[in-house]
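See below for the structure under consideration.
The values are calculated or read from the model by the stated rules, or taken from the named source; none is laboratory data. As the structure is a computational prediction, the values presented were derived from the model and not from experiment. Here the Cβ positions follow ideal geometry from the backbone for every residue, glycine too, while neighbour counts run over all protein chains shown.
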């Protein structure tokens with residue numbers, strides 16, 4: 001019979017400590033049930049799992065399975081085993097003494113402080129399944145192969161790891177059904193246990209990749225390049241994006257949530273340019289970018305969103321489909337002809353939904369906490385954070401009376417941004433400085449001419465060919481009878497316009513961006529309405545004039561009488577002349593293809609205005625007269641008196657004076 005108690009020396013050997021240490025444990029009550037018999041300590045084998053005697057021949061112990069259990073479950077099972085063995089010994093002795101088994105279990109339960117039902121359950125489990133019957137199968141911690149068969153787990157994963165994202169319960173039900181129908185003999189635990197097992201044993205990157213896709217894996221789990229933000233020159237890289245404010249304002253008699261289009265400097269975190277509107281688009285990007293460039297000069301590079309507004313042809317010169325065909329995620333600025341390329345600004349595209357790739361998104365969270373939450377109409381980021389009383393408040397007359405308009409909100413946002421730009425920051429590379437302090441430390445600054453900037457920061461259209469009625473922009477025709485466009489029919493051009501003034505558009509060559517003309521909006525006649533006779537005659541006159549221009553244009557006749565050989569030799573000689581030397585400027589001006597065209601644009605549009613005022617819109621040839629003279633006293637005015645007399649049968653002469 002197995003002894004139910006051991007002495008100090010045996011306990012010290014089993015625990016690997018000294019006898020004195022065991023005596024201290026007994027005195028402190030650490031070894032439950034230990035009692036002092038005279039000068040000797042009697043320690044029950046139930047006091048510690050290592051005291052359990054497994055040297056017997058009881059085949060129910062199943063010691064071969066002990067190594068498969070986690071340490072805490074193995075120790076708990078061995079502790080229960082020692083209690084069961086001690087209980088069986090106690091009950092056997094009691095029965096032999098004439099006591100009943102139930103009375104013996106009651107007495108042992110009182111002696112050990114263990115519930116009677118627990119003792120009975122443990123004894124029954126040990127008799128049925130041996131030592132493994134005493135293993136606690138609840139919770140985690142290992143030993144799962146006896147609870148969940150590996151084959152069942154593999155089958156469950158084959159269903160669960162799917163881009164259709166089936167629920168764990170659906171996959172669990174199917175696994176149980178297959179196990180029952182095909183009699184596979186799998187051990188399948190409860191659904192609650194399976195949920196815990198998934199959290200413990202299924203790596204999150206595996207679940208994200210197979211259930212959400214590669215893009216989600218790269219955004220949530222894939223390692224990224226850690227960049228040294230201090231290696232970037234302040235003002236060199238701008239990051240742009242749209243964001244909807246989490247509040248409501250009154251706009252045109254209704255409640256709307258305003259949007260901000262913002263450009264932020266990556267190094268200094270300065271907000272460079274922004275624009276508040278009810279709906280973001282290419283125009284708001286243009287206005288925000290132009291404001292930023294006017295204040296701080298253009299950046300070296302921009303990091304932009306993959307959305308249709310930032311990634312449009314107006315900005316990059318190519319469509320999104322064409323850009324993705326060039327490379328994934330980046331674009332060679334030498335191969336594009338958009339607004340960025342015109343300013344010699346390189347472009348990179350941020351990873352979607354990745355705040356690390358597009359740091360301006362972090363500023364949106366900052367302003368939401370510091371600024372938007374203070375507004376009475378704050379609505380929260382989602383329905384869970386929406387104030388319960390907001391709907392009732394928005395319907396009240398008080399809310400309408402106190403609400404900010406879009407213009408007032410834009411002004412208040414500008415005040416907050418000014419405070420933000422001049423507040424100390426503790427982020428990477430900031431060293432407690434404000435964004436404006438960091439920006440002021442840049443060693444150089446790019447500059448661009450004001451005239452070129454105004455021409456560049458227009459809304460640009462895609463290339464189109466000049467047709468019979470000129471060009472079409474936003475469903476409106478321009479330059480219907482313009483003589484310059486008439487002679488360029490079929491040529492591919494780009495149009496640029498001011499979104500605040502759609503009366504005219506400027507026409508540029510699609511490849512070189514060379515200015516061609518300014519086209520006025522064509523007059524449209526409603527279908528089925530009567531047209532005045534004067535308008536009909538004017539239209540016929542314009543058509544006749546257009547035909548005459550085409551007939552008079554005979555450049556071939558000018559070359560017909562010229563010897564072709566001399567022209568070819570002269571052209572070859574011109575190609576052999578050395579190119580002029582190019583000097584490098586001391587500053588860093590941004591050269592664009594529109595440089596120098598502002599003067600020509602202004603002169604052309606002034607001439608058009610003077611012709612319209614003088615009633616000479618149909619005049620096709622205007623001779624230029626340049627007068628140069630010196631005056632001894634620049635303060636004395638100079639009077640010019642011209643007397644032009646037209647002779648019969650001679651072409652009329654028109655004098656035009658412009659300051660250029």
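Things worth noting here:
- Options 260, 188: the member that is closer than 30 Å to residue 399 by Cα, surrounded by 11 or more Cβ atoms within 10 Å (Cβ to Cβ) and in contact (Cβ under 8 Å) with a residue 24 or more places away in the chain: 260
- Selection from the range 591-609 of residues that are at pLDDT 75 or above and surrounded by 12 or more Cβ atoms within 10 Å (Cβ to Cβ): 597, 598, 600, 601, 602, 603, 604, 605, 606, 607, 608
- Selection status of residue 393, assigned by TED's automatic domain parsing to the domain that holds residue 285 and under 30 Å from residue 300 (Cα atoms): no
- Residue count for the range 160-182, restricted to those that are surrounded by fewer than 11 Cβ atoms within 10 Å (Cβ to Cβ) and part of a helix (DSSP H, G or I): 2.
- Count - residues of the range 7-32 that are outside any loop (DSSP other than H, G, I, E, B), touching a strand residue (DSSP E or B) at 6+ places or on another chain (Cβ under 6 Å) and modelled with pLDDT under 85: 1
- Sub-6 Å Cβ pairs linking a first residue in the range 415-426 that is free of Cβ contacts under 8 Å to residues at least 24 places away in the same chain to a second residue that is exposed (fewer than 12 other Cβ atoms within 10 Å of the Cβ), at least 6 apart or interchain, are 424/432, ordered by first then second residue.
- Qualifying positions in the range 449-488 - closer than 26 Å to residue 342 by Cα and in a loop (DSSP other than H, G, I, E, B): 449, 457, 458, 461, 462, 463, 466, 474, 479, 488
- In the range 218-238, the residues that are touching a helix residue (DSSP H, G or I) at 6+ places or on another chain (Cβ under 7 Å) and modelled with pLDDT under 90: 220, 221
- Filter pass, residue 273 being surrounded by 19 or more Cβ atoms within 10 Å (Cβ to Cβ), under 21 Å from the mean Cα position of the chain (by Cα) and without any contact (Cβ under 8 Å) to a residue 24 or more places away in the chain: yes
- Filtered residues of the range 412-432 (kept if surrounded by fewer than 17 Cβ atoms within 10 Å (Cβ to Cβ) and not in a helix (DSSP H, G or I)): 422, 423, 424, 426, 427, 428, 429, 431, 432
- There is at least one residue in the range 393-411 that is assigned to a loop (DSSP other than H, G, I, E, B) and surrounded by 16 or more Cβ atoms within 10 Å (Cβ to Cβ).
- Yes/no for residue 332 being exposed (fewer than 13 other Cβ atoms within 10 Å of the Cβ) and modelled with pLDDT of 85 or more: no
- Among residues of the range 278-294 being in contact with a strand residue (DSSP E or B) (Cβ under 7 Å, 6 or more places away or on another chain) and assigned to a loop (DSSP other than H, G, I, E, B), the one that is modelled with the lowest pLDDT is 280.
- The set of residues in the range 223-244 that are more than 16 Å from the chain's Cα centre (by Cα) and more than 30 Å from residue 443 (Cβ to Cβ) contains only 223.
- The residue pairs whose first member lies in the range 444-455 and is under 13 Å from residue 300 (Cβ atoms), whose second member is part of a helix (DSSP H, G or I) and at pLDDT 80 or above, and whose beta carbons are closer than 7 Å, counting only pairs six or more residues apart or on different chains, are 448/293.
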